[in-house]
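Nothing in this text is a laboratory measurement; each read-out follows from the coordinates by a stated rule. This one's a predicted model, so the numbers in the text were calculated from it and none came from an experiment. Note: ideal-geometry Cβ built from the backbone for every residue, glycine included; neighbour counts use all protein chains shown.
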Amino acid sequence: MSALSVRGLRRERLHTELDEPYIANPDRVIADPLSATELRRAWAEVNDKLTRAFIGFTLEDWLQNTQLFPMKDSSRTLWATGLLS
């Protein structure tokens, strides 16, 4: 379960046609199916939908304990990266 589905953002997946060349395979195994302009347009579409959803979040939404990352593990990760001292 992803954090996005927990917070109600998970709807239809956008641009599943990009999974095969960009997620399922190492870089440059499959030729880029989109031009740079088309890829930029797809990126902007996804970013726009996420931005609009995040703007609608309340403080409670942001602070919701999703149980996806137990606090102990989150603290350890933040400490290891230097973000938490």
Response to the item:
The answer for the net charge of residues other than Glu17 whose Cβ lies under 14 angstrom from its Cβ, with Lys and Arg +1 and Asp and Glu -1, is -4
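Determine, from the Cβ-Cβ distance of Phe57 and Asp32 and an R0 of 41 Å, the FRET efficiency 1/(1 + (r/R0)^6), rounded to the nearest 0.05.
Details: r = 34 Å, r/R0 = 0.82.
The calculated FRET efficiency here is 0.75.
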